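The values are calculated or read from the model by the stated rules, or taken from the named source; none is laboratory data. This one's a predicted model, so the numbers in the text were calculated from it and none came from an experiment. Cβ coordinates were reconstructed from backbone atoms using ideal geometry, including for glycine residues, and neighbour counts include every protein chain displayed.
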Amino acid sequence: MNERTTLEIIAPTVEEALAQGLAQLGLTADRVSVEVLDAGTKGLFGLGKTQVRVKLTVIPEGGMPAATEEPAKRESEAKPRAAQPQGKPAPVQPAESQPAENPQDEIEHDVVLDKTESAISKLIHLMNLEAQISAHYNERDREGRRNIHVDIRGDDLSVLIGRHSETLNAFQYIASLVVGKEVGEWVQLSVDVEGYRNRREKQLVQMAMRMADQVAKNGKKQSLEPMPSGERRVIHIALRDHPDVKTESAGVEPHRKVTIVPKDG
């Protein structure tokens, strides 16, 4: 299967987590299996309100094959952490029992993506935040490599972004280290919160073009405010083909900034 079929959610109760997950997936309860990964612990150092961490797995159309249904049931019953939420008729089934069109490729990718979702879900849980985490592979680059895009969605997650995405960048770096340790190799992650990075990139490009027009018109260079390296790169790329201006970086981190200067005659 080419689409992601699992989703991890953190919420105060299993019922709320299931409701949020079903709403995001656009499915009914009978189309997913539910696994309670954390039945209710408090935040870092035992502080904060109790939260649960739940994993939803989409059941393929037509249900599980008959040959795998009974073994999956026995396996799920053997795992004490897998619990069925009260009043919800969703069966508990492990993700690895789902059929794949290309078994070798799908199993390999699912392992990495599942570990990515699980590791980041734990980090979010320790921060005492409520969120839904999903991960997928981006398109391959020119060298054939693919990084993993992680989407975090929920209410009141601004604390995870910080000023100019400084907190988000730090979280992304830590998450990459944690996931890399889990899978035994370096994993390049791109972590976003509620589509923040896309919105910020559009704002930066618009600002860069506006400032470039001013520089081209009056012939005077202008310096932008200090930015993280990723945001400076957006400015450089946006203006690299501009006919009248060029960009330079100056200063020392974390105060390094982009300067837009007129091109020489």
task = Output the residues belonging to the stretch 173-204 that are within 19 Å of ASP155 (Cα to Cα) and crowded, with 18+ Cβ neighbours inside 10 Å.
result = VAL191, ASP192, VAL193, ARG197, ARG200
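One line per residue, one yes/no per condition, for (1) in contact with a Pro (Cβ under 9 Å, 6 or more places away or on another chain); (2) free of Cβ contacts under 8 Å to residues at least 24 places away in the same chain; (3) within 30 Å of LYS115 (Cβ to Cβ):
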| site | (1), (2), (3) |
| --- | --- |
| ALA175 | no, no, yes |
| VAL178 | no, no, yes |
| GLU194 | no, no, yes |
| ARG200 | no, no, yes |
| LYS221 | yes, no, no |
| SER229 | no, no, yes |
| ALA238 | no, no, no |
| LYS263 | yes, yes, no |
message = Just checking: which of the strands (runs of 3 or more DSSP E) contained wholly in the stretch 116-201 hold 3 or more residues that are at pLDDT 85 or above and within 25 Å of ARG256 (Cβ to Cβ)?
response = 189-193
query = Take the residues of the stretch 127-148 that are touching a residue at least 40 places away in the same chain (Cβ under 8 Å) and surrounded by fewer than 14 Cβ atoms within 10 Å (Cβ to Cβ): which is nearest to the chain's Cα centre (by Cα)?
reply = ASN138
ask   = Within the stretch 241-264, how many residues turn out to be surrounded by 13 or more Cβ atoms within 10 Å (Cβ to Cβ) and closer than 9 Å to PRO226 by Cα?
value = 3
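Can you go through HIS242, HIS164 and tell me which one is in contact with a helix residue (DSSP H, G or I) (Cβ under 8 Å, 6 or more places away or on another chain), assigned by TED's automatic domain parsing to the domain that holds ILE133 and more than 22 Å from ALA135 (Cβ to Cβ)?
Of the residues listed, the single one that is in contact with a helix residue (DSSP H, G or I) (Cβ under 8 Å, 6 or more places away or on another chain), assigned by TED's automatic domain parsing to the domain that holds ILE133 and more than 22 Å from ALA135 (Cβ to Cβ) is HIS164.
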